[in-house]
Amino acid sequence: MTKETQFTLPDFRNLGILLRTVLALQLFGLLAALVNAADLSGLLGLFFRYAAYLEPPLLISVLILYLIGPKLRRLPARLGLVFSVLISMGSAAFWQSMLAWQSTEVEPSLLRTALLAGVAATLILVWFDWRARRLSPALAEARLQALQARIRPHFLFNCINSVLSLVRSNPARAETALENLADLYRGLMADNRQLSPLGREIELARAYLDLESLRLGERLQVDWRIDEGVEGASRQLQMPSLVLQPLLENAVCHGIEPHPEGGRIGVDIFQRDQQLNIVVRNPRHADAPPRPGNRMALSNIRERLALHFDAEARLSAHQVGDEFVVQMVIPMKEIKRGETH
């Protein structure tokens, strides 16, 4: 198989994957009930009967796949698929044997049960693979480009003008600004489909804010609050690339620029319940004129989080008093030994 057609196993430790697996199997149970029910009045009872039969082997399979999922993903794709299907077939056959042993009313049709479980598991895994192909890489790249375009086109020209004004009066700061600009655009042009170290994303965000401070001066104030444990592990912790910088760009665009007196942006990064929390606050006054693009950027970031973490990550945005608060919560993932970025 080529890289483009390589089958991909889902992450069996992802909450979204587990929930979709349960729902998919319940859908199979509902279809079976629709086929076998004599009338609509008996449909619900038959569905619950099938669900009670399907749940135990499903839970056994999910538990086994959760425990050995990382090892399965390291196997060749086809071999991982075969093992996953065999685990589902074995769990179904085991449960059928238990029922047959406890009750003589249950026919021990182990082969039929195993084959049905294998077909259901294969269909679910193929659906997960189709879903992954639909989202990545073409769609992910397109959305990434849309997100990168959120850095406003005139930002580069503003930076160049600011640097030119500093070349003679403060050459050291002008040189630092050019280094920040090069670093920021180097990050933009990199392959950003993979996760990136948190420390790297913080560096890019600081570079962006330093460049904006050339234009806004004292109007832009930033408070960084990073937990010591998170800061110490920032080179090992991973997050999607280029999601922190757009949040700060929104804060500058919607919270600082509209007000002649400027304002203060707060950035809190901390760990809670094995999840990485990033909170960005910016001032927002009721009389400020609305600006387009804020919801689009947040929607793009939500989609990127879903591409990487499915249901395990979330992004919320709301106004608290005179502040607009955006909170991003993602699973704590560390760079594995031997990985490079």
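Details
- Qualifying residue in region 17-32 (condition: in contact (Cβ under 8 Å) with a residue 24 or more places away in the chain, of a type in the set (D, E, K, R) and assigned to a helix (DSSP H, G or I)): yes
- Residues being over 34 Å from the mean Cα position of the chain (by Cα), under 19 Å from Leu116 (Cβ atoms) and polar (S, T, N, Q) - total across region 23-67: 1
- Test: residue in region 5-15 that is touching an Asp or Glu at 6+ places or on another chain (Cβ under 6 Å), β-branched (Val, Ile, Thr) and surrounded by 15 or more Cβ atoms within 10 Å (Cβ to Cβ): yes
- 3 or more residues among the hydroxyl-bearing types (Ser, Thr, Tyr), closer than 30 Å to Ala297 by Cβ and modelled with pLDDT of 80 or more: qualifying helices (runs of 4 or more DSSP H) within region 35-145: none
- Residue within region 224-231 that is surrounded by fewer than 21 Cβ atoms within 10 Å (Cβ to Cβ), assigned by TED's automatic domain parsing to the domain that holds Ser316 and small (Gly, Ala, Ser) present: yes
- Every pair of residues 6+ apart whose Cβ atoms lie under 7 Å, when the first sits in region 110-121 and is among the aliphatic types (A, V, I, L, M) while the second is not in a helix (DSSP H, G or I): none
- Residue satisfying condition, being over 23 Å from the mean Cα position of the chain (by Cα), closer than 28 Å to Pro283 by Cβ and not β-branched (Val, Ile, Thr), within set Ser165, Ser234: Ser165
- Answer residue from region 166-216, given it is surrounded by fewer than 18 Cβ atoms within 10 Å (Cβ to Cβ) and of a type in the set (Ser, Thr, Tyr) and is modelled with the lowest pLDDT among those: Tyr185
- Top-ranked residue of region 146-165 - restricted to ones that are closer than 16 Å to Ala207 by Cβ and in a helix (DSSP H, G or I), ranked as modelled with the lowest pLDDT: Gln148
- So Arg314, is it surrounded by 14 or more Cβ atoms within 10 Å (Cβ to Cβ), basic (Lys, Arg), at pLDDT 85 or above and under 17 Å from the mean Cα position of the chain (by Cα): yes
- Of all residues in region 271-283, those that are crowded, with 19+ Cβ neighbours inside 10 Å and either modelled with pLDDT under 85 or within 17 Å of the chain's Cα centre (by Cα) (or both) total 2.
- Leu110 falls short of the stated requirement of being outside the structural domain of Ala306 (by TED's automatic domain parsing), among the hydrophobic types (A, V, I, L, M, F, W, C) and under 30 Å from Ala306 (Cβ atoms).
The values are calculated or read from the model by the stated rules, or taken from the named source; none is laboratory data. Note that the structure is predicted; figures quoted are calculated from it, not measured. Please note: Cβ atoms are built from the backbone with ideal geometry, for glycine as well, and neighbour counts cover all protein chains shown.
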